[in-house]
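Inspection log for the structure reproduced underneath, given as structure tokens.
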Amino acid sequence: QVQLVESGGGLVQAGGSLRLSCAASGSTFRRYAMGWFRQAPGKEREFVAAISWIATITYYADSVKGRFTISRDNAKNTLYLQMNSLKPEDTAVYYCAAQSTGSILTIPAPYNYWGQGTQVTVSS
């Protein structure tokens, strides 16, 4: 098993930046492909970005492409999401997730492990 803990959320003005972190423990982090998802009130959880286990492949939702960057440091067992040019519609709880299929996945169901989430609020 792997335990995931997100941090770095907060309140930021539109156009600002935040960097989310996801610290992993309990298992071999590098064995897992990782993803970031978000969920706004009244909406379904949606895919944001994903990264392969050795960080050679990344994939982004169209809504964040060019503004967000996913990365990982396997030596530190940490996943990151750098968010720039934030918009009010980016407001949501952001979750990191891990899965062991070896593929880049954009739907929540195959992800085995989830963090508790961190709130990101972007004011206009």
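The values are calculated or read from the model by the stated rules, or taken from the named source; none is laboratory data. Fair warning: this is a prediction, and the values are worked out from it, not measured in the lab. Counting neighbours? That spans all protein chains shown, and the Cβs are built from the backbone with ideal geometry, glycine included. Heads up: the accessible areas ignore ligands, DNA and RNA and are worked out on the full protein's heavy atoms, side chains in. Shrake-Rupley method; radii C 1.70, N 1.55, O 1.52, S 1.80 Å.
Lysines near residue 76 by alpha-carbon distance under 27 Å, same-chain residues fewer than 8 away left out - which ones? Partners found: 65.
For residue 86, the residues whose modelled amide H falls within less than 5 Å of its own, excluding neighbours fewer than 5 places apart on the same chain, are 15, 16.
In whole percent, and with a 1.4 Å probe on the protein chains, what portion of the accessible area of the chain is carbon and sulfur?
Numbers: 2980 of 6210 Å².
So the carbon and sulfur contribution to the accessible surface is 48 percent.
With N as its number of residues, the stretch 1-119 has a Cα radius of gyration that, divided by 2.2 N^0.38 Å, comes to 0.97. Placing pseudo-labels 7 Å out from each Cα toward the beta carbon at residue 39 and residue 3 gives an inter-label distance of 2.1 nm.
Calculate, for residue 17 and residue 119, the FRET efficiency according to 1/(1 + (r/R0)^6) with r their C-beta to C-beta distance and R0 22 Å; round to the nearest 0.05. After rounding, the FRET efficiency stands at 0.85. Across the stretch 35-44, computed HN-Hα scalar couplings (Karplus, 6.51 cos²θ - 1.76 cosθ + 1.60, θ = phi - 60°) run x, 10, 10, 9, 9, 8, x, x, 10, 6 Hz from first to last residue, x flagging Gly and Pro. Our coupling estimate for the stretch 65-77, obtained by passing each phi through the Karplus curve with A = 6.51, B = -1.76, C = 1.60 and θ = phi - 60°, is 4, x, 10, 10, 9, 9, 8, 8, 10, 5, 5, 9, 6 Hz, Gly and Pro reported as x. Ordered from highest to lowest accessible area with the whole protein assembly present and a 1.4 Å probe, 36, 114, 53 read as 53, 114, 36.
Given that compact globular proteins tend to follow 2.2 N^0.38 Å, what is the ratio of the alpha-carbon Rg of the stretch 38-98 to that value? Walk me through the numbers before you get to the answer.
Values: Rg = 12.0 Å, N = 61, 2.2 N^0.38 = 10.5 Å.
So the stretch 38-98 has a normalised radius of gyration of 1.15.
For the stretch 5-60, the equivalent ellipsoid built from the Cα gyration tensor has semi-axes of 23, 14, 13 Å, listed from largest to smallest.
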